[in-house]
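Values quoted throughout were computed directly from the atomic coordinates according to the rules given, and no laboratory measurement underlies them. Keep in mind that this is a model prediction, so the values were computed, not measured. So basically every Cβ, Gly included, is an ideal-geometry build from the backbone, and we count neighbours across all protein chains shown.
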Amino acid sequence: MNKRIKNLFLFVFIIFCLLLTYSCINQKSGKIEGADNKETNKITLENEASLMAVLWCQASAEYRALAYQAYNIARLRLDEELQINRNQKRAVIVDIDETVLDNSRYNAKEITDKQVYPDDFYKWIDMAKAEAIPGAKEFLDYAVSKNCDVFYISNRRIRCLDGTLRNLKKLGFPQADKNHVLLKGDVSSKEGRRQEVAKTHYIVLLIGDNLIDFSEVFDIKSVEGRLASVEKYKDNFGKKFIVLPNPMHGAWFKALYDYDRNLSKEERTQRIIRYLKSY
């Protein structure tokens, strides 16, 4: 083999090694092949599940269809209720996040850029840039037109009241004021706030994306306990309880790792994986 051929083989071998090294680095960093922008390049394999959840909410027609379906059912149930004579004024209770306001842009930011919860979420709320969940405003406007009051019961903290009101008002939601927006104080359970509404109103519907939006029986339960409670109260869903889809966050996810925020990422993953079923 002459010197020229040897040099050619050496050159090809070096190029091959460089390409192999680059491929290994990409796999270890979790970068997604074919990414066209800087933000997408930051996505790692660790949050691919979150990526799919957020994309489903933002880009799937199915998500939008389910949101409309939920509020269409709510209108049917309200119309049925209006045929009954009541001494009390009627009320509809709605959650805020992922029920009337869409925070998926914040969840996307968590994927593309490291965000610190809850501080960065508070900043997002203050920006008042969340969009309306499909069907939410139209239904609540209809409820108010039928002489029902709307109460927004959310576990956003009271410090978020100003940003929350500005966001709701900007989108034209009815009764977006301090008397109808009830945020979290020292107690996380929403039951006390629901009971306050019940003192003066007949609660027709509870609408939310999380089981804790409906009753205290769903508060801080294990995965098995939550499933059992749904079975026990199954006749309420689609009647008094209207559920919005939300795969991005919520008590369903916290229950997977037993609500323990002190776990390391590895420990949390081990607890979560217990609930994965295969064959």
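Sparsely packed loop sites in the range 177-239 (the trypsin sites (Lys or Arg not before Pro) outside DSSP H, G, I, E and B with at most 10 other Cβ atoms within 10 Å) comprise Lys178, Lys199. Rg and Dmax of the range 52-204, both derived from C-alpha coordinates alone, stand at 16.2, 53 Å.
Measuring nothing but how far apart in sequence close Cα pairs (under 8 Å, 6+ apart) lie, relative to its length, the range 137-279 scores a relative contact order of 18 percent. Can you pick out the pairs among Lys109/Lys178; Lys178/Lys199; Lys89/Lys239; Lys221/Lys254; Lys89/Lys146; Lys178/Lys240 whose Cα atoms lie more than 21 Å from each other? Checking Cα-Cα distances, Lys109/Lys178; Lys178/Lys240 exceed 21 Å.
Given +1 at the Cβ of Lys and Arg, -1 at the Cβ of Asp and Glu and no other charges, the dipole of the range 52-204 around its Cα centre is 380 debye to the nearest 20.
Look at Ser145, Ser215 and count the other Cβ atoms within 10 Å of each Cβ; fewest to most, that gives Ser145, Ser215. Contact order for the range 52-204, expressed relative to its length and based on alpha carbon pairs under 8 Å spaced 6+ residues apart, stands at 31 percent. From most to least packed by mean Cβ count within 10 Å, the peptides 79-92, 157-170, 262-275 give 157-170, 79-92, 262-275. Quick one: work out the % antiparallel among DSSP beta bridges in the range 52-204, nearest 5. Roughly 15 percent of the beta bridges in the range 52-204 run antiparallel, per DSSP.
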